[in-house]
Amino acid sequence: MSGGPPSLAEVARVLAEEVGLSLADGLDHALGSGLEAAAAATGADPGALARRVVAREPGAIAALVEHATVLETAFWRHPEQLEAVARAISARPGPARVWSAGCATGEEPYSVALALLEAGRHGRGDRILATDVSARALEAARAAAYGDRALRRLPAGVAARWLEPGTPRRVAAGPRALVTFERHNLVRDPTPAAAPFDVVLCRNVLIYFSPETAAIVLGRLVRALAPGGLLVLGPVDLPLARALELERVEDGGATLLRRPQ
């Protein structure tokens, strides 16, 4: 490819088309910093890496995704949702199948596991599939070791029961056994083979997508639900689901969306 490196707008367009990430509001910071970090990690020049991204080389796109996304999350976010999910699952017969889509470094799926165990669902055969597009995030999630910032919202009693002592704190074997991690691109990849799911969580993920991409992803999440299954979005994501034919379930301050039977 001749000429100078592609513009950040060109790189952003490819990133949006390939993985759904919309960084238009922070191009100069998030994308520029991400390109520099990815280039340093791969030993490439930022301009050369940008050209490879625009040429849609999978390795270059993956490297940029790893460094352009913000992996900021925490245990026990929106506890009212976790408790409502645990109640809904406990009201059903048999083991539950849960999908945590866009799980980042694992705090959400482990929080779901803790909520289920706190609800007394030991040995029920519940399974949580946790997926993310970032291999770096999934590596951290599998390690299951977290510092004080990630654990700052977790009630002390829950932490004492389900986290190993030490610094950092590691999720104990019991809740870890409930969760399986897989790499998955919400925009490009088919629905995970474990579908249909009783609960799909995709919280605070859709806000990173364009409205058009968010609508496509929402449709796929709904199709991954079993009849009567629940979709759990972050409160900020809920307006994006207005057009979907889903029933709103209000429970303990949480709004869940149910696929009709």
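The values are calculated or read from the model by the stated rules, or taken from the named source; none is laboratory data. Please read these numbers as outputs of a predicted model, since none were measured by experiment. Every residue, glycine among them, receives a Cβ derived from its backbone with ideal geometry; neighbour counts consider all protein chains shown. Just the protein is used for accessible areas: all its heavy atoms, side chains included, with ligands, DNA and RNA removed. Shrake-Rupley method; radii C 1.70, N 1.55, O 1.52, S 1.80 Å.
A few comments on the model shown:
- Overall, the chain carries a charge dipole of about 820 debye about its Cα centre when +1 sits on the Cβ of Lys and Arg and -1 on the Cβ of Asp and Glu, all other atoms neutral.
- Sequence-distant residues sharing a close amide H with residue 205 (under 5 Å, placed H): 234
- Whole-number percent relative contact order across the chain, with pairs defined as alpha carbons under 8 Å at least 6 apart: 18 percent
- Largest accessible area first, the listed residues 122, 184, 78 line up as 122, 78, 184 when surface is computed with a 1.4 Å probe on the assembled protein chains.
- Percent carbon-and-sulfur accessible area, the chain, ignoring ligands, DNA and RNA, probe 1.4 Å: 54 percent
- Inter-part distance, region 99-159 to region 197-223, computed on C-alpha centroids, equals 19 Å.
- Accessible area of the chain divided out per residue, in Å², using a probe of 1.4 angstrom: 46 Å²
- In order along region 154-169, phi translates into HN-Hα couplings of 6, x, 4, x, 5, 4, 5, 7, 10, 10, 6, x, x, 9, x, 7 Hz, rounded to whole numbers, per the Karplus curve 6.51 cos²θ - 1.76 cosθ + 1.60 with θ = phi - 60° and x for Gly and Pro.
- Leading residue at positive end of dipole, the chain (Cβ point charges), from 141, 207, 60: 141
- Charge dipole (debye, nearest 20) of region 64-215; +1 at Cβ of Lys and Arg, -1 at Cβ of Asp and Glu: 400 debye
- Calculated FRET value between residue 55 and residue 182, using beta carbons and R₀ = 30 Å, to 0.05: 0.65
- Expressed in Å, the radius of gyration and Dmax of the Cα atoms of the chain are 19.1, 63.
- The calculated 222 nm mean residue ellipticity attributable to helices in the chain amounts to -11500 deg cm²/dmol, summing -39500 (n - 2.57) over DSSP H runs of n ≥ 4 and dividing by all residues.
- Dividing the mean sequence gap of close Cα pairs (under 8 Å, 6+ apart) by how many residues region 80-216 holds gives a relative contact order of 33 percent.
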